[in-house]
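Here, each number is a calculation from the coordinates, and none is a lab measurement. This structure is a prediction, so every number in the text was calculated from the model and none was measured. Because the Cβ atoms are built from the backbone with ideal geometry, glycine has one as well, and the counts that use them run over all protein chains shown.
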Amino acid sequence: MSYPPFSRRDLIKAMAALGAFSLAPGLFAAPSGKKKIGVALVGLGSYSRGQLAPALQQTEHCYLAGIVTGSPEKIPVWQKQYNIADKNVYNYDNMHQMADNPDIDVVYIVLPTGLHKQYSIIGAEAGKHVWCEKPMAMNAGECEEMIAACKKNKVKLTIGYRMQHEPNTQRVIQMATEKPYGKIQLITAEAGYRSGGSHGWRADPKLGGGAMYDMGVYPLNAARYTSGEEPIAVTARQESIRPMYKDVDETMEFRLQFPSGCIAECATSYARGMNRLHAQCEKGWYELQPFQSYNGVQGRTSDGTLLNTPIENQQARQMDNDALAILNNSPVLVPGEEGLRDIRIVDAIFKAAKEGKEIRL
């Protein structure tokens with residue numbers, strides 16, 4: 001299956017025309033007389049519990065309508081806290097039955113990466129729009145299956161790249177086209193943290209464990225949106241020092257080459273903390289540090305300009321934008337094809353690390 005080329009220049013122009021880079025809370029105005037979008041969280045782990053469910057209390061255009069969990073003991077806690085009706089509670093075996101539930105418009109897949117394809121397709125076949133956390137899936141083939149299932153069932157598919165909804169990041173995306181400091185020469189993008197003794201699925205290769213899947217798509221996606229280009233070649237090196245990560249990459253360093261000659265030096269790790277995006281240009285530079293935290297994203301430029309537009313809640317902005325795309329039947333900001341492009345590169349990064357040579361894309 002093939003997809004048309006993705007033009008970031010066209011996207012940026014369209015977004016600018018629609019005010020996507022303004023301080024407005026959503027990409028588009030909400031249509032009058034339509035309900036809020038009902039969201040079912042699929043997976044009640046730490047991100048759903050700590051970020052998405054609280055954010056859904058702040059959204060204007062969507063709300064927490066249901067849950068899907070394999071942990072029965074969590075159900076009464078969530079029902080009490082969020083007033084979720086019995087009929088909107090599902091497990092992984094009966095999730096398909098939400099096809100008959102008009103309260104739920106969207107399934108938000110918040111599971112380990114190795115389970116994204118399976119439950120995204122179940123949601124799509126139930127006639128629900130699919131919001132899927134990043135990274136999209138384990139490989140490009142799985143991404144293509146997800147895209148095909150959503151198209152077949154005429155539902156929208158969007159990937160949870162919250163940073164692309166964040167205003168300071170959107171300014172960096174604009175600068176890829178505007179080039180206020182001349183040609184972009186070198187991008188440095190790093191995202192990682194020092195993990196403790198609890199590793200769970202993050203150490204399981206079948207579930208998408210390892211730093212590259214878990215954190216590496218942040219610098220990868222950032223290198224692409226900061227350059228405004230798609231890479232043409234990649235080299236990579238991985239290492240795992242601690243025994244608990246013996247089956248996955250504890251650290252991955254990768255280098256992307258772009259058609260313009262721009263190079264991106266990227267790193268991700270469970271062994272050290274890092275959170276920086278820097279673009280070195282012919283006539284100056286700009287950066288975000290931190291660039292992928294849940295809050296406080298900020299930066300500066302070589303001429304002293306601050307990149308510090310505040311945002312109350314990244315996840316609420318992301319979900320409101322995606323809900324408005326459903327209400328308006330308009331394109332989503334981060335479609336499945338965007339997730340697919342990253343995973344194609346992830347596939348090449350692992351191949352480059354394994355074979356110890358440059359992989360052309």
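Values computed for the structure shown
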quantity	calculated
Dipole magnitude (debye, nearest 20) for the chain, charges at Cβ of Lys, Arg, Asp, Glu	280 debye
Dipole of region 163-316, positive direction: furthest Cα of 245, 169, 296, with charges on the beta-carbon	245
Radius ratio Rg over Rh of region 142-260, counting only Cα atoms, Kirkwood formula for Rh	1.02
Convex hull volume per residue for the chain, taking Cα atoms only, in Å³	132 Å³
Proximal lysines relative to residue 154, as straight alpha-carbon distance under 23 Å, when same-chain residues fewer than 8 apart are discounted	34, 35, 36, 117, 128, 134
Euclidean distance of C-alpha centroids, region 313-327 and region 60-114, integer Å	18 Å
Separation of the residue 265 and residue 337 label points, Cα + 7 Å toward Cβ, nm	3.4 nm
With at most 15 neighbouring Cβ atoms within 10 Å, loop GluC sites (Glu not before Pro) (DSSP) excluded, longest segment of the chain	61-281
Angle between the chain longest axis and helix 314-327 axis [Cα atoms, degrees, rounded to 10]	60 degrees
Difference of contour (0.36 nm per residue) and Cα-Cα distance, residue 308 to residue 85	76.3 nm
Dipole in debye (nearest 20) - region 212-275, about Cα centre, beta carbon charges: Lys, Arg +1; Asp, Glu -1	120 debye
Structure-based [θ]222 nm, the chain - -39500 (n - 2.57) summed over DSSP H runs of at least 4, per residue, nearest 500	-8500 deg cm²/dmol
Between 0 and 90°, nearest 10: helix 140-152 axis offset from the chain longest Cα axis	40 degrees
Pairs beyond 29 Å (Cα-Cα), from 156/179; 156/246; 152/246; 206/354	156/179; 156/246; 152/246
Selected from 212, 187, 361, residue furthest toward positive end of dipole (the chain; charges at beta carbon)	187
Compactness of region 57-212 - radius of gyration and Dmax, Cα, Å	18.6, 58
Projected label distance in nm at residue 177 and residue 294, using a 7 Å step from Cα toward the beta-carbon	3.3 nm
Most fluctuating residue given options 295, 321, 221, as computed from a GNM of the chain linking Cα atoms under 10 Å	295
Region 217-361 - percent relative contact order, Cα under 8 Å, separation 6 or more	24 percent
Förster-model FRET efficiency, 30 Å R0, residue 244 and residue 74, C-beta, rounded to 0.05	0.70
At most 12 other Cβ within 10 Å, DSSP loop - trypsin sites (Lys or Arg not before Pro), region 158-199	183, 194
Taking all pairs of distinct alpha-carbon atoms in region 217-361, Kirkwood radius in angstrom	17.2 Å
For the chain: relative contact order, % (alpha-carbon pairs under 8 angstrom, 6 or more apart)	19 percent
